[in-house]
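Below: one structure, written as structure tokens.
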Amino acid sequence: MNQTVARLESFKDALIEAVNYYWHLEDADAYEPYALSKILSAEEYKTNRHMLLLFYMKYNQRIPDLFDKNRELIDLLNYLFDEIQLESEAIKEIKEELYPVMDALEIKNMKLEVIYVQPELPEILTHSHILTEVRKGEQRIDQGDYAGAITSSKTLVESVIKELLIKFEPENKEKIDNYDLLKLYKNLRKHLNMDKVDTKSGVENEENLAAKKFEESLNRILSGFNNVIQGLAEIRNLSGDSHLPTVKASRHHAVMAVNSSITICNFLFHTYKYQQEAKQKVR
């Protein structure tokens, strides 16, 4: 069986099981999120829903309300309960929406894959705007707003760098607020010792030569970050939604921008965290 079809088959069965669980509650408000997640986790629902959205968009088909309006599993269950009420009809609705997709995928032997790069943003170093931008980027890609997703990715990087830089230079907060993205990154890079990684390889033996090669490789990646930062600033000006766009962005451009921004933010956060933990050990 086609791998995507098999996955959607399991998704269908899990949705039916979730309907069965939800319909037999004495009170709909008394459902237990943990019990529901054991049937179908939030991440599994999200991934399968996005696979379906990819299918509908690829073939220019109308997205059924069942999946278009309900981003969370509990929303879907409430929707079915309010709109249909009968358990048998709710199960029928799920099958009627999924079977045509599964049939088409089998006939075309087509595979759909949704790949996510999950942000790991330590709450203690974030403000609400940063987390909002993470969600906004994902939502805008889902909605086909690729220019908006690119703007969100640049805003995310800018917010994270600014937040970290203020940690190092609280006395310069007003100045930092007026820095552009490239200047923000240049200043933060110095504090995080990112201008050049030095593994202190010492005498040239086999182990130290390997360490030196590792150092050179890391520095190439870090120099690539400079290009990504500059690219995010430029692509946002050319195709983002905060200016009159001169170039129309496509989905893969938006995905690249969002994933690149999350990768950079992860690295900056964990570098900062590593340095803070090292200081604590010295004390």
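The values are calculated or read from the model by the stated rules, or taken from the named source; none is laboratory data. A quick note: this is a predicted structure, and the numbers were derived from the prediction, not measured. Here the Cβ positions follow ideal geometry from the backbone for every residue, glycine too, while neighbour counts run over all protein chains shown. The protein model used for the area step is the full one, side chains on, heavy atoms only, and it has no ligands, DNA or RNA in it. Shrake-Rupley method; radii C 1.70, N 1.55, O 1.52, S 1.80 Å.
Laid out as a table, the results:
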item: Whichever lysines have a C-alpha closer than 29 Å to that of LYS95, once near sequence neighbours (fewer than 8 apart) are set aside; result: LYS12, LYS38, LYS46, LYS58, LYS69, LYS108, LYS111
item: Estimated inter-spin distance, PHE214 and GLU72, nm [label 7 Å along Cα→Cβ]; result: 4.4
item: Rounded FRET efficiency, nearest 0.05, which uses the C-beta distance separating GLU171 from LYS248 and R0 of 45 Å; result: 0.55
item: Partner lysines for LYS281 [C-alpha distance under 16 Å; skip if fewer than 8 residues away on the same chain]; result: LYS273
item: Hits among lysines - C-alpha to C-alpha of LYS279 under 30 Å, sequence gap 8 or more where chains match; result: LYS162, LYS167, LYS173, LYS175, LYS183, LYS186, LYS190, LYS196, LYS200, LYS212, LYS213
item: Neighbour cut-off at most 12 other Cβ (10 Å), DSSP loop, chymotrypsin sites (Phe, Trp or Tyr not before Pro), segment 10-97; result: TYR59
item: Length added when fully stretched, SER10-ASN193, from 0.36 nm per residue minus Cα-Cα; result: 61.1 nm
item: Solvent-accessible ranking of ARG62, ARG140, largest area first, probe 1.4 Å; result: ARG62, ARG140
item: Approximate spin-label separation LYS95-GLN61, in nm, with each point projected 7 Å along Cα-to-Cβ; result: 1.8
item: With DNA, RNA and ligands ignored, accessible area of THR151 (1.4 Å probe; Å², nearest 10); result: 10
item: Using a Förster distance of 22 Å, the FRET efficiency for GLN230-GLN143 (Cβ separation, nearest 0.05); result: 0.20
